[in-house]
Every structure is written in C-alpha cells, then in structure tokens.
Amino acid sequence: MNPLPTTPSGGSLVIGSAAPADTPGAGLSTVRYDGTGAMTLVRTLPVGHPSYAALDPTRPVLHAVLEEAPGRILSLRVDPATGVLGLPGTATSATAAATASGGAGPCHLAVHPSGSHVFAAHYGDGVLSVIPTGADGLVTSPPVQTIRHPGRQPAGKLLTSPHAHMAAPSPDGRFLLCTDLGTDRIHVYAFAPATGLLSAHQTAELPPGRGPRHLVFHPSGRYVHVLNELSSTLTVCTWDAPTGRLEPTVELATRQDPSAPHANSAAAVRLSADGRFLYTTNRGDDAIAVHAVRGDGASAELIATVACGGVWPRDIALTPDGLLLFCANQRSGTLTAFHRDPATGHLTPAAAPLVTTEPTSVLPVGP
C-alpha cells in the first residue's frame with residue numbers, strides 16, 4: 001500500500017440540497033477546495049431537492065435523486081478537470097432532464113460497479129428501484145424494476161411502514177443491500193447483470209426502534225457497519241461475500257453519552273480507505289464521532305467526538321487522499337472542513353465554513 005501524502009491536495013466537491021427549486025441557491029453546487037480546506041463556490045446548477053448524488057465508477061457521470069413525490073433521477077456529465085456539472089445532450093434545464101425514479105421521496109442512490117444500473121431508495125413509500133443506464137452512462141429510461149418493502153406489525157409508538165433509506169451494491173456487484181428505517185430491516189438482494197433484475201435473497205432483522213439508515217462495507221470484505229438513525233448506534237454485521245449472507249453481531253454507541261436527554265438522530269457513516277477509522281454524524285449533538293475500528297472490522301471503539309461547526313450534520317465525506325473531511329450542515333446552511341490525521345483518525349477544524357443552501361450531501365469529484 002502506498003503511504004498517504006503528508007500534505008492535502010485540492011479538488012472538487014458536489015453539494016446536494018434539500019431546498020425547493022424556488023429557493024435562492026437551491027441546486028447542485030460545485031465547490032473547489034485547496035490543501036488547507038479553504039472552499040470556493042464555483043457554480044450552482046438550479047434544480048429542486050437534489051438531496052443525494054453518486055458518481056458512476058466507470059465514466060465521468062453523476063446521478064442525483066430529486067427528493068420529491070413522485071421522485072426523479074437526474075444524470076449529469078462531470079468535467080474531470082474541474083468537477084463542474086453539465087447538462088446532457090440538448091437539455092436546456094436540469095429539471096427537464098430528470099427521469100422518473102419509480103417511487104416517492106427518493107433519498108439515496110448508488111451505481112453498480114459496472115456502471116450498468118442505478119439503484120434508488122425511496123423513503124416516502126419504501127420502494128427500491130433499478131434503473132438502467134445508456135451507453136453514455138446517463139439515465140434516460142424508466143426503472144426496469146420496482147420493489148416495495150413490506151411493513152410490519154405495530155409495536156407501540158415505533159415506525160411500522162417501510163422507509164427505504166439506502167441502496168448499496170456489494171463490492172463485487174453480486175448483491176445489493178437496502179436499509180429500511182421504518183421496519184428495522186436490511187434487505188439483501190441478488191443482482192442478475194444480464195436482466196438488471198433483483199431477487200430477494202435474505203432479510204436481516206434488527207431490534208425494534210433502531211432505524212437502519214446508511215451502511216459501509218469494511219475493506220476486509222468480512223464486515224458491514226450499519227448506522228441506526230433512531231437509536232444513534234452502529235450495528236456491526238458479518239458479511240459472507242461468496243454466499244451474500246449478512247448477520248448482525250454487536251451494537252455500539254455513536255454518542256459519548258447515550259443517555260443524554262436531548263433528541264439525536266444519526267445520519268452519515270464513512271470509513272477511511274485503510275479501514276482503520278470510522279466516522280459518523282449526530283444530528284442533535286451536532287457532532288462528528290470518531291471510531292477506531294478493531295479486528296479487521298469486527299468492532300469499533302468511540303475515541304472522540306468533534307463539534308461539526310454547524311447545525312444538523314447530514315452528510316460527511318473524506319477526500320481521496322484521506323487528509324480532509326467535509327461536513328454538510330443542513331440547518332445552518334454551512335459546509336465545514338476538517339484536517340484528518342491518518343495515524344490517529346482525529347479531526348481538527350480547518351478553513352472557514354462555506355455558506356450554502358440547505359446542504360444534504362457532499363461528494364468528492366474530479367481532481
């Protein structure tokens with residue numbers, strides 16, 4: 001493994017937003033940053049509710065969900081040199097270029113490792129959809145499959161209706177994991193590349209009231225870390241790649257004081273490239289939690305919490321060199337930057353925050 005550089009390099013970020021189209025500054029924003037973490041807004045492509053975005057791993061294409069009812073997906077070209085987004089073909093506006101996503105309130109999407117399909121999770125109605133991409137990587141046709149997750153029996157005041165929150169292909173592309181916050185389940189599907197269709201493979205049940213939101217695969221290939229929004233915890237699951245079996249094992253806190261009386265909801269989870277440190281955000285505490293990963297992913301220890309520098313940290317992202325972390329603080333309308341020590345995992349505030357409109361996601365693009 002090549003050692004990490006000691007000085008951060010610059011690059012580009014794309015920032016998603018929860019704001020409707022008629023809000024000043026709403027849209028997908030391209031931001032440049034330098035080695036100090038200083039940020040400059042380059043351009044905002046006007047569009048409403050582009051709450052989450054993902055890159056095609058094979059082509060310079062970005063896909064974003066428009067979190068509306070009915071939901072839509074927007075595919076855009078990315079300038080590899082600047083990270084600036086461009087409309088496809090002859091489209092005259094981002095809104096006109098969007099395609100139906102197959103459900104209500106899409107909140108997350110991911111691209112198959114081959115770039116052949118996009119998977120979208122819909123919080124509004126619990127639908128998971130599969131949408132093919134064209135030869136150019138763009139989404140222009142409707143889903144080839146929509147799956148609505150089942151609900152569950154009422155249990156006191158707990159949620160019972162499905163709320164699909166994340167679609168995550170396995171690293172080898174053979175399976176797809178989808179968290180359902182409303183039913184405390186993680187659905188595992190087998191994916192058939194020839195047809196582009198998913199088939200039910202396994203359902204992993206979490207204890208009631210956890211609210212699984214997002215997850216990450218550990219680079220060891222043996223574990224999956226699931227962030228639970230409602231309980232502000234992490235569930236570590238074993239992952240058997242050959243068989244596609246997911247089994248929950250231990251549950252860990254994401255807060256220094258899990259008994260603190262004020263409300264909190266966990267939002268984002270990211271792993272360092274070497275798999276040694278894991279980062280989560282707490283909305284309510286308004287903090288980023290730093291976890292040291294143990295046993296090649298088998299467990300994690302909360303070693304520090306850092307104020308996020310804003311209000312309601314909905315998403316975080318590590319730069320490709322791993323030396324900077326950016327945080328999208330939705331309610332304060334700020335993007336904050338942190339230096340990251342690759343040896344200890346610790347974060348320290350970097351440059352001044354960048355003001356932006358209801359940021360909900362942050363995605364490194366370009367150099």
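The values are calculated or read from the model by the stated rules, or taken from the named source; none is laboratory data. Please read these numbers as outputs of a predicted model, since none were measured by experiment. Note that each Cβ is placed from the backbone with ideal geometry, even for glycine, and that neighbours are counted across all protein chains shown.
State all residues of the range 245-259 that are surrounded by 19 or more Cβ atoms within 10 Å (Cβ to Cβ) and not in a strand (DSSP E or B); if no residue qualifies, say none.
Within the range 245-259, Thr254, Arg255 meet the criteria.
Taking only the range 74-93 into account, find how many residues are touching a Gly at 6+ places or on another chain (Cβ under 9 Å), crowded, with 23+ Cβ neighbours inside 10 Å and outside any loop (DSSP other than H, G, I, E, B).
The first filter runs over the range 74-93 and keeps only residues touching a Gly at 6+ places or on another chain (Cβ under 9 Å), leaving 75-84.
Okay, now just the ones that are also crowded, with 23+ Cβ neighbours inside 10 Å, so 75-76, 83.
Then drop every residue that is not outside any loop (DSSP other than H, G, I, E, B), which leaves 75-76.
So the answer is 2.
Please name all residue pairs, on different chains or six or more residues apart, with Cβ atoms under 8 Å, provided the first residue is in the range 285-300 and is free of Cβ contacts under 8 Å to residues at least 40 places away in the same chain and the second residue is among the acidic types (Asp, Glu) and surrounded by fewer than 24 Cβ atoms within 10 Å (Cβ to Cβ).
These pairs meet every condition: Arg294/Glu301.
Can you name every residue in the range 183-197 that is of a type outside the set (A, V, I, L, M) and surrounded by 22 or more Cβ atoms within 10 Å (Cβ to Cβ)? Can you show your working first?
Residues of the range 183-197 that are of a type outside the set (A, V, I, L, M), as a first pass: 183-185, 187, 189, 191, 193, 195-196.
Matches in the range 183-197: Thr183, Asp184, His187, Tyr189, Phe191.
Has the range 232-244 got at least one residue that is in contact with a Lys or Arg (Cβ under 7 Å, 6 or more places away or on another chain) and surrounded by fewer than 18 Cβ atoms within 10 Å (Cβ to Cβ)?
yes
Taking the stated definitions as given, is Arg331 among the charged types (D, E, K, R) and crowded, with 22+ Cβ neighbours inside 10 Å?
Values: among the charged types (D, E, K, R): yes; crowded, with 22+ Cβ neighbours inside 10 Å: no.
No, not satisfied.
Is there a residue being of a type outside the set (A, V, I, L, M, F, W, C) and within 13 Å of His112 (Cβ to Cβ) anywhere in the range 199-220?
Pass one, the range 199-220, residues of a type outside the set (A, V, I, L, M, F, W, C): 199, 201-203, 205, 207-214, 218-220.
Then drop every residue that is not within 13 Å of His112 (Cβ to Cβ), which leaves none.
Checked against the condition, which is being of a type outside the set (A, V, I, L, M, F, W, C) and within 13 Å of His112 (Cβ to Cβ), the range 199-220 yields no hits at all.
Looking only at the range 272-291, which residues are in contact with a Leu (Cβ under 8 Å, 6 or more places away or on another chain), farther than 24 Å from His262 by Cβ and small (Gly, Ala, Ser)?
Selection gives Ser272, Ala273.
What number of residues within the range 26-63 satisfy the criterion of being touching a Phe, Trp or Tyr at 6+ places or on another chain (Cβ under 7 Å) and either free of Cβ contacts under 8 Å to residues at least 60 places away in the same chain or among the acidic types (Asp, Glu) (or both)?
Summing the residues that are touching a Phe, Trp or Tyr at 6+ places or on another chain (Cβ under 7 Å) and either free of Cβ contacts under 8 Å to residues at least 60 places away in the same chain or among the acidic types (Asp, Glu) (or both) in the range 26-63 gives 0.
Any chance you could count how many residues in the range 7-19 are under 20 Å from the mean Cα position of the chain (by Cα) and assigned to a loop (DSSP other than H, G, I, E, B)?
Matching residues across the range 7-19 total 2.
Within the range 94-104, take every residue that is in contact with a Pro (Cβ under 9 Å, 6 or more places away or on another chain) and either β-branched (Val, Ile, Thr) or in a loop (DSSP other than H, G, I, E, B) (or both) and give me the one that is surrounded by the most Cβ atoms within 10 Å (Cβ to Cβ).
Looking only at the range 94-104, we keep the residues that are in contact with a Pro (Cβ under 9 Å, 6 or more places away or on another chain), and these are 94-95, 97, 99-104.
Checking which are either β-branched (Val, Ile, Thr) or in a loop (DSSP other than H, G, I, E, B) (or both) leaves us with 95, 99, 101-104.
Working: Thr95: 14, Thr99: 19, Ser101: 29, Gly102: 25, Gly103: 24, Ala104: 16.
That would be Ser101.
Looking only at the range 149-158, decide whether some residue is crowded, with 21+ Cβ neighbours inside 10 Å, of a type outside the set (Val, Ile, Thr), in contact (Cβ under 8 Å) with a residue 24 or more places away in the chain and over 29 Å from Asn264 (Cα atoms). Talk me through it step by step, then tell me what you get.
Filtering the range 149-158 down to residues crowded, with 21+ Cβ neighbours inside 10 Å leaves 149.
In the following step, the residues that additionally are of a type outside the set (Val, Ile, Thr) were identified as 149.
Applying the additional criterion that residues be in contact (Cβ under 8 Å) with a residue 24 or more places away in the chain yields 149.
Checking the rest, the ones that are also over 29 Å from Asn264 (Cα atoms) come to none.
No: zero hits.
Residue check, Val311 against (1) under 16 Å from Val269 (Cβ atoms); (2) in a loop (DSSP other than H, G, I, E, B); (3) of a type in the set (Val, Ile, Thr), all met but one. Which one?
(1)
Looking at the range 198-210, can you tell me whether even one residue there is in contact with a Pro (Cβ under 8 Å, 6 or more places away or on another chain), buried (at least 23 other Cβ atoms within 10 Å of the Cβ) and at pLDDT 95 or above?
The answer is no, given that none of the residues of the range 198-210 is in contact with a Pro (Cβ under 8 Å, 6 or more places away or on another chain), buried (at least 23 other Cβ atoms within 10 Å of the Cβ) and at pLDDT 95 or above.
Residues of the range 320-367 being at positive phi and modelled with pLDDT under 95, which ones? I'd like the intermediate steps shown before the answer.
Going through the range 320-367, the residues at positive phi turn out to be 322, 333, 345, 358, 366.
Of everything in the range 320-367, just one residue is at positive phi and modelled with pLDDT under 95, namely Gly366.
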